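Below is one structure, written out as structure tokens; the observations come after it.
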Amino acid sequence: MLDAGYYARLGLGSIFEKVMNGERLSIEDGRELFACEDINALGALAHHARTRMHGDSTYYVLNRHVNYTNVCVNACLFCAYQKEKDEQEGAFRLSIDDIITKLDPKDGLPYDEVHIVGGCHPKLPLSFFEEAIARIKATYPETIVKAFTAVEIAHFAKLENISTLEVLERLKAVGLEAMPGGGAEIFAPEVREKICPRKATADEWLRVAREAHTLGITSNCTMLFGHLESIDDRLDHLDRLRKLQDETAGFSCFIPLPFLTENSMLELPEEREGKHTGLDKLRTIAISRLMLDNIPHIKAYWVMLGVKLAQVALHFGADDMDGTIVEEKIGHDAGAQSDQAMTIPQLEEMIVRSGFNPVRRNSFFKPVNAKQEA
Ligand code: V47
Ligand code: SF4
């Protein structure tokens, strides 16, 4: 399939050469890839890059998501999960006991990772989160705490009137080891202003990620796509992540998140660049793999992509499936059709059926030896 002449006929000869030689693609190269209608040609290039990095390994994690509240001061227009106030119907806020109970492994197998995120609650103090993490680590010492997006960290800093660096230091001191990649949305200021005007800015998001990496807290990064952004906005977003990664090497994984439209306040134009189709999702995943040459992993997040498209995405540059999840609200409130949970055998079967070798990993992508089946 990887035939130089074929790519030359598509007008992608120099991009082909760069990918084969492991050279960095420019933003202009990214534009040409987005303009290419031959989705198989894109997929084959991304698959080549993915295979060079990971062979036929596809990663998954025994994890649980915990959303501590859906009350959020930001009211992003795309978000179907957010509630304005504690008193509003459907609003919730977990206690620390609730969180500890949720992490109780029913079958005796502790989670390798807990992924904790929530809305930017107007009142919850930093001490609540410090105590929550300390109690999780005391109760489940083997579970890695991957918690709080850069947006939440910026919010805690504002509430406490301290710096984001101090927030990170305090959370690290009680056991925060890694951070999820949410809240990045799209960095381009004109679009960010339209879809999430109250949220931390792009520069703030990137600064908090840089600070976390400096403290040795690794993190993920995301891009929300398929809304008001242009193809150039997507490429600008990838480029900003790539530049920060050159500085810090602290990002483990990139997660392209296709915008799910149910219960959203965001009005989309009829005609927009990068149509919201399965092919656009695959193209964006493939181009992410090719552009983000310094970020080790690309996630096919089965919750938002759906299991079947996530399986196909493994042939378009993705090498990670995320995990068992157990309970998911953000995507499901927005219309995700996937189940809430997957078991280890289900994840492994879906990876094997796609032609890959399943590798159970922890939050740092280190292989975990299965102690028993869950
Ligand atoms: O930041 C919100 C997105 C993110 C919608 O780091 C939506 O391992 C689509 O970041 N349609 C949270 N997306 C989820 C997230 C994540 C998930 C799994 C793993 C990791 C990781 C990170 O979800 C938000 C926002 O970008 N989001 N609403 C929506 N309607
Ligand atoms: Fe709040 Fe996050 Fe929803 Fe924005 S996306 S309203 S920050 S919960």
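The values are calculated or read from the model by the stated rules, or taken from the named source; none is laboratory data. Treat the numbers as computed from the prediction; the structure is a model and nothing was measured. Heads up, the Cβs are rebuilt from the backbone with ideal geometry, glycines too, and the neighbour counts pull from every protein chain shown. Just the protein is used for accessible areas: all its heavy atoms, side chains included, with ligands, DNA and RNA removed. Shrake-Rupley method; radii C 1.70, N 1.55, O 1.52, S 1.80 Å.
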Going through region 306-326 one residue at a time, which ones are charged (D, E, K, R) and touching a His at 6+ places or on another chain (Cβ under 6 Å)? Asp319, Asp320
Looking at the structure I just gave you, is Thr277 open to solvent by less than 20 Å² (accessible area, probe 1.4 Å) and not aliphatic (A, V, I, L, M)? no
Report whether or not Val61 is open to solvent by less than 50 Å² (accessible area, probe 1.4 Å) and away from ligand 2 (no atom under 16 Å from the Cβ). yes
Here's a check for you: in region 291-333, which residue that is open to solvent by 10 Å² or more (accessible area, probe 1.4 Å), among the aliphatic types (A, V, I, L, M) and farther than 19 Å from Arg353 by Cβ is nearest to the chain's Cα centre (by Cα)? Met304
Does region 87-144 hold any residues that are open to solvent by less than 30 Å² (accessible area, probe 1.4 Å), of a type in the set (Gly, Ala, Ser) and assigned to a loop (DSSP other than H, G, I, E, B), and which are they? Ala91, Gly118, Gly119
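Looking at the structure I just gave you, is Glu211 under 24 Å from Val73 (Cβ atoms) and either free of Cβ contacts under 8 Å to residues at least 24 places away in the same chain or among the aliphatic types (A, V, I, L, M) (or both)?
Values: under 24 Å from Val73 (Cβ atoms): yes; either free of Cβ contacts under 8 Å to residues at least 24 places away in the same chain or among the aliphatic types (A, V, I, L, M) (or both): no.
Taking the combined requirement at face value, the residue does not satisfy it.
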Checklist (1) surrounded by fewer than 21 Cβ atoms within 10 Å (Cβ to Cβ); (2) hydrophobic (A, V, I, L, M, F, W, C); (3) within 19 Å of the chain's Cα centre (by Cα) applied to Met20, failing item: (3)
Restricting attention to region 274-312, which residues are assigned to a loop (DSSP other than H, G, I, E, B) and at pLDDT below 95? Gly274, Lys275, His276, Thr277
Residues located in region 35-49, provided they are within 16 Å of Asp3 (Cβ to Cβ) and open to solvent by 60 Å² or more (accessible area, probe 1.4 Å): Asn40
If Asn263 satisfies every condition in (1) crowded, with 20+ Cβ neighbours inside 10 Å; (2) within 29 Å of Cys72 (Cα to Cα) but one, which is the exception? (1)
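Being of a type outside the set (Gly, Ala, Ser), over 27 Å from Cys79 (Cβ atoms) and without any contact (Cβ under 8 Å) to a residue 24 or more places away in the chain is true for just one of Lys106, Lys172. Which residue is that? Please lay out each step first, then the result.
On the way: Lys172 fails: without any contact (Cβ under 8 Å) to a residue 24 or more places away in the chain.
Going through Lys106, Lys172 in turn, the sole match is Lys106.
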Count of residues meeting criterion [among the charged types (D, E, K, R) and within 16 Å of ligand 2 (Cβ to nearest atom)] in region 110-155: 2
Mind counting the residues in region 67-86 that are within 14 Å of ligand 1 (Cβ to nearest atom) and either assigned to a loop (DSSP other than H, G, I, E, B) or in contact with a Ser or Thr (Cβ under 9 Å, 6 or more places away or on another chain) (or both)? 13
Before we move on, is Val151 within 16 Å of ligand 1 (Cβ to nearest atom), in a helix (DSSP H, G or I) and modelled with pLDDT of 95 or more? yes
